[in-house]
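The values are calculated or read from the model by the stated rules, or taken from the named source; none is laboratory data. None of these values were measured; they are calculated from a predicted model. Positions of Cβ are generated from backbone atoms using ideal geometry, with glycine treated the same way; all protein chains shown enter the neighbour counts.
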Amino acid sequence: MAFFKEELMKVKAFVFDVDGVLSKATQVLSSDGETIRTSNLKDGFALVYAIRMGYPVCVITGGKTIEAIHRCKKIGVEDIYVGSLKKLPRLYDFLEKNDLKAENVMYMGDDLPDYPAMKVVGVPVCPNDAATEIKSISHYISDKNGGEGCVRDVLEQVMRAQGKWIDCEKMDWDLF
């Protein structure tokens, strides 16, 4: 395995799970029994920026929550797969649609349904509170938990390594 910082140079696209990655792994139920998910605004900003910088971003989730789908669409994610406990076929679909190779994808997952897809990508990563099995195959474990900045962590690392992270002095803020 190459050094992690070297692996960041080959990343051309990102795949994220929702529950436990883009949102906290804890579960709060509404009065009607629905799960209430929370997300990190800095994760959201980094996703918007990555998309505007031309990175394809994909979300593959076993959940079916309308709110998570709406948030992803609002951010600009075009490839959203819901109700997908078998994530590997969805990953292959994303790769084909975007003419990508698995070796150029960073996939952040946190639990066992992510395992098969993470095994085939070039740069599997996870939040700090991921399942043991997921940590064992990850090339990087964020110091942030799911829903608490882990997505921003990896997006920023890739874009910094590739010289694409924001230089506040030179930034064209009209991009936003």
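Condition (residue is modelled with pLDDT of 95 or more, at negative phi, outside any loop (DSSP other than H, G, I, E, B) and not small (Gly, Ala, Ser)) applied to region 139-148: is it met by at least one residue? Within region 139-148, one or more residues are modelled with pLDDT of 95 or more, at negative phi, outside any loop (DSSP other than H, G, I, E, B) and not small (Gly, Ala, Ser). Residues in region 96-125 that are surrounded by 24 or more Cβ atoms within 10 Å (Cβ to Cβ) and over 21 Å from GLN162 (Cβ atoms): GLY109, ASP110, ASP114, ALA117, MET118. Pairing each residue of region 154-168 that is modelled with pLDDT under 95 with any residue that is among the aromatic types (Phe, Trp, Tyr) and assigned to a loop (DSSP other than H, G, I, E, B), provided the two are 6+ apart or on different chains, yields C-beta distances under 9 Å for LYS164/TYR55. Only residues that are out of contact with any strand residue (DSSP E or B) (no Cβ under 7 Å at 6 or more places or on another chain) and over 25 Å from LEU112 (Cβ atoms) were counted across region 54-69, and they come to 1. With respect to (1) more than 13 Å from the chain's Cα centre (by Cα); (2) at pLDDT below 95; (3) within 21 Å of ALA117 (Cα to Cα); (4) among the hydrophobic types (A, V, I, L, M, F, W, C), the lone exception for CYS72 is condition (1).
Anything in region 62-95 that is among the hydrophobic types (A, V, I, L, M, F, W, C), surrounded by 15 or more Cβ atoms within 10 Å (Cβ to Cβ) and closer than 20 Å to LEU47 by Cα? List them, or say none.
Hits for region 62-95 are ALA68, ILE69, CYS72, ILE75, VAL77, ILE80, VAL82, LEU91, PHE94, LEU95.
Out of region 12-45, which residues are farther than 17 Å from ASP79 by Cα, of a type outside the set (D, E, K, R) and modelled with pLDDT of 65 or more? Once the filter is applied, which keeps residues that are farther than 17 Å from ASP79 by Cα, of a type outside the set (D, E, K, R) and modelled with pLDDT of 65 or more, region 12-45 yields GLY20, SER23, THR38, SER39, ASN40, LEU41, PHE45. Within region 86-116, being outside any helix (DSSP H, G or I) and either under 13 Å from PHE14 (Cβ atoms) or touching a His at 6+ places or on another chain (Cβ under 7 Å) (or both) holds for ASN98, LEU100, VAL105, MET106, TYR107, MET108, GLY109.
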